[in-house]
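What follows is a short report on a single structure.
The values are calculated or read from the model by the stated rules, or taken from the named source; none is laboratory data. What you see is a predicted model, and the numbers here were worked out from it, not measured in a lab. All Cβ positions, even for glycine, are placed from backbone atoms using ideal geometry, and neighbour counts span all protein chains on display. Heavy atoms of the whole protein, side chains included, go into the accessibility calculation; ligands, DNA and RNA do not. Shrake-Rupley method; radii C 1.70, N 1.55, O 1.52, S 1.80 Å.
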Amino acid sequence: QARLVESGGGSVQAGGSLRLSCAAASGYITSSNSMGWFRQAPGKAREGVAAVSGGNTYYADSVKGRFTISQDNAMNTLYLEMNSLKPEDTAMYYCAAASALLGWWSSLLRQYYNYWGQGTQVTVSS
């Protein structure tokens, strides 16, 4: 069974909001040193959008000020709050975990993550 399971995706109009959730096995998220959200649109490479590591948060320039990554340690859940959504945000969104502490230069790079969820689709219409 999947260690990480995303939910909360769907279809929304431009300017709307969605909150993605990533549920994990007991203690998994709180014991991981880095957690991130990635997305992949059709015909595009997978890209990092937000991450949390070592008490710091990191965001891709394209989502900074619109998306917020957070953790609920008591519930062992990772969230991505997405506001002011744009059509270019349309993609499959993935939750990922890494054992290593990551900084701005590595936290949004997929090769540093070793566990992945199945993905949840986000579609934004204009």
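Worth pointing out:
- First in the stretch 105-117 and closer than 23 Å to residue 9 by Cβ, second anywhere and among the acidic types (Asp, Glu) and open to solvent by less than 40 Å² (accessible area, probe 1.4 Å), Cβ under 6 Å, 6 or more apart: 117/6
- Within the stretch 53-71, considering residues that are modelled with pLDDT under 95 and crowded, with 16+ Cβ neighbours inside 10 Å, the one nearest to residue 113 (Cα to Cα): 53
- The residue that is modelled with the lowest pLDDT, among those in the stretch 101-115 that are surrounded by 15 or more Cβ atoms within 10 Å (Cβ to Cβ) and more than 20 Å from residue 67 (Cα to Cα), is 115.
- Restricting the stretch 52-84 to residues that are charged (D, E, K, R) and in a strand (DSSP E or B), the residue that is nearest to the chain's Cα centre (by Cα): 81
- For the stretch 15-42, residues that are open to solvent by 10 Å² or more (accessible area, probe 1.4 Å) and at pLDDT 95 or above total 9.
- All conditions but one from (1) open to solvent by 70 Å² or more (accessible area, probe 1.4 Å); (2) modelled with pLDDT under 90; (3) touching a Phe, Trp or Tyr at 6+ places or on another chain (Cβ under 7 Å) apply to residue 74; the one that does not is (3).
- The residues on offer are 5, 12, 49, and the sole one that is part of a strand (DSSP E or B), surrounded by fewer than 21 Cβ atoms within 10 Å (Cβ to Cβ) and modelled with pLDDT of 95 or more is 12.
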